[in-house]
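Comments concern the structure below.
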Amino acid sequence: MSRFYLTTPLYYVNARPHIGHAYTTIVADTLARWHRQRGEEVFLLTGTDEHGGKIAQAAAKAGLPPKAFADQTSETFKALWKKLGISYDHFIRTTDTAHERVVQQVLERLKPQLELGTYTFWYCVPCETSFGLNEVDSSKAVCPQCQRPITQVEEEDYFLPLEKHRSWLKEQIERNPDFVIRPASRRNEVLAMLEKELPDLCITRPKERVSWGIQVPFSPGHVTYVWFDALLNYVSALGWPDGEKFRLYWEETGAVHLVGKDIIRHHCLYWPIILHAAGIRPPRMVFAHGWWLVKGEKMSKSKGNIVEPEAVVSAYGLDPFRYFLLRDVPFGEDGVFSEEALVKRINADLANDLGNLVYRTLTMLEKHLGGRIPARSSAAGLTLAKDFYDTWQKMTNFLSAMLPSEALKALWELINKANQSVEIKAPWRLAKEGRREELEAFLYDLAEALRVVSLFLWPFLPTTAEAIWRQMGFQGLLSSERLPAALETPIPAGQMVRKEPPLFPRLE
Ligand code: MSP
């Protein structure tokens, strides 16, 4: 049995979800559905990152204890993922008792390697925010956020030495096909980071400064640094150290982590070294995607340029939104979000190409054959069918390489070919001239193309694919179909179509 373990980052529970957050999760959902459709066992993990000073501050502002605040806001993410059709298998919260226990166990295991040392950083009192030594220009000593004077602070913390693992990690990335960083540009960035000596990683915080965190089991005065805690979700969710899921998905299969490019240091340096130090194998792959930009700037709460996924879905529908994110930008590159670009995609690809193919096929079946799909013809009329397997293989290659936009392009080649075949065959002429056998053969071919399109489309736009399936008169669920087996199953002879209004009305 083939398996697939895929993770999204954990979203800060105080974040206001924007399309940058929705993006990773929609891509993850698409990949997970595609693997399920191939009959694989899939575990898709997402969740919320709930510890640390920032979240304690946000809770205080909301007038709630941190846990009660996180209980509320993690529901916002769950509700959003439901709205976006995300088929996750587990939603982890870093305040889950099982997760906290795993973090403490890992700390115990690493204890002999940890060193107590002095952590020096910049701290802005009004912002209650700390900055690394390299984040503040020491000649000016002002807060990068509010521009007010900032002070340097020293405190005692536990450190995990990273330098002694540097050559191991370099070798993993350079020689081991089991730890892949994609795209290649990010891999090069990580390799460049590994050219320099790695400073020790501070993995605790004194409770007098940050109290909202996981207790360090061997130091009453310390809690765990939020990133150390959060990264461990990827193994705690599987029941490390001896859970069956951990064995199957982590040890036998290997994890694929989807992250944004701003967090590669954490995922490609700290994370594999933490695992190595704890005697756990590294993940199989980290794929770092680009940013969604608005007017040239990264979309983020602090820049105030957020586009909310709910607003886009309410205005344009879920599948147009998913389609735009998946199709418009090659996974790995930055993308620009604008309503103009979204409307253009809806009109050209969804209304014109796909919607038109669905509507005209069903209309012709109704008009010429009373809505009945004819029996599969033995005649050599099946011209489109030759492309089904080829398209499937192309899409498989692209999705294995994590390139959903390219896979959709390949699918649209088939859709366009089907549309062109209508122009070439001119079924209305066949009907007029009474060439019944040719007409039936062609309309079967076209109906079959539509069936295959809905199968191929399902991982990307599940709602639309189900609608096509339903309109074609299928009773069963499209989600239970398995590829490539379903490619060979003909449409039951005599099945009646049930046409509905056009799937994607054109927008002005
Ligand atoms: N909590 C950490 C991740 C811990 S993973 C163990 C975190 N959270 S976050 O909420 O700030 O960001 C979550 C993800 O959203 C990151 O992968 C980040 O790259 C992504 N994005 C945030 N803004 C983005 C865009 N404008 N565009 C695309 N993705 C971006 O980091």
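Residue count for segment 214-260, restricted to those that are at positive phi and open to solvent by 20 Å² or more (accessible area, probe 1.4 Å): 1.
Just so you know, in segment 444-463 the residues that are assigned to a helix (DSSP H, G or I) and aromatic (Phe, Trp, Tyr) include one that is nearest to LEU384 (Cα to Cα), and it is TYR444. Looking at this structure, is GLU340 closer than 25 Å to LYS261 by Cβ and either out of contact with any Cys (no Cβ under 7 Å at 6 or more places or on another chain) or crowded, with 17+ Cβ neighbours inside 10 Å (or both)? When the stated conditions are applied, GLU340 does not pass them.
Filtering segment 281-295 to residues that are more than 10 Å from the ligand (Cβ to nearest atom), surrounded by fewer than 19 Cβ atoms within 10 Å (Cβ to Cβ) and in contact (Cβ under 8 Å) with a residue 24 or more places away in the chain leaves ARG281, ARG284, MET285. In the set ALA467, ALA441, only one residue is at pLDDT below 95, in a helix (DSSP H, G or I) and aliphatic (A, V, I, L, M); that residue is ALA441.
Applying the criterion of being surrounded by 20 or more Cβ atoms within 10 Å (Cβ to Cβ) and in contact with an Asp or Glu (Cβ under 8 Å, 6 or more places away or on another chain) to the residues of segment 320-337, the residue that is modelled with the lowest pLDDT is GLY335.
Is it the case that some residue within segment 82-92 is among the aliphatic types (A, V, I, L, M) and either part of a strand (DSSP E or B) or at pLDDT below 95 (or both)?
Pass one, segment 82-92, residues among the aliphatic types (A, V, I, L, M): 84, 86, 92.
Adding the requirement that they be either part of a strand (DSSP E or B) or at pLDDT below 95 (or both) leaves 92.
Yes; the residues of segment 82-92 include at least one that is among the aliphatic types (A, V, I, L, M) and either part of a strand (DSSP E or B) or at pLDDT below 95 (or both).
Please enumerate the residues belonging to segment 467-484 that are open to solvent by 60 Å² or more (accessible area, probe 1.4 Å) and in contact (Cβ under 8 Å) with a residue 40 or more places away in the chain. Scanning segment 467-484 gives a single hit, ARG482.
Matching residues to (1) of a type in the set (Gly, Ala, Ser); (2) surrounded by 15 or more Cβ atoms within 10 Å (Cβ to Cβ); (3) in the same structural domain as PHE287 (by TED's automatic domain parsing); (4) farther than 20 Å from ARG360 by Cα:
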| position | (1), (2), (3), (4) |
| --- | --- |
| ASP390 | no, no, no, yes |
| LYS394 | no, yes, no, yes |
| LEU403 | no, yes, no, yes |
| LEU411 | no, yes, no, no |
| LEU414 | no, yes, no, no |
| GLU438 | no, yes, no, no |
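How many residues, within segment 5-60, are open to solvent by 10 Å² or more (accessible area, probe 1.4 Å), away from the ligand (no atom under 15 Å from the Cβ) and within 17 Å of the chain's Cα centre (by Cα)? Going through segment 5-60 one residue at a time, the tally reaches 6.
The values are calculated or read from the model by the stated rules, or taken from the named source; none is laboratory data. Since this is a predicted model, take the numbers as computed values, not measurements. Because the Cβ atoms are built from the backbone with ideal geometry, glycine has one as well, and the counts that use them run over all protein chains shown. Ligands, DNA and RNA are excluded from the accessible area calculation, which covers all protein heavy atoms including side chains. Shrake-Rupley method; radii C 1.70, N 1.55, O 1.52, S 1.80 Å.
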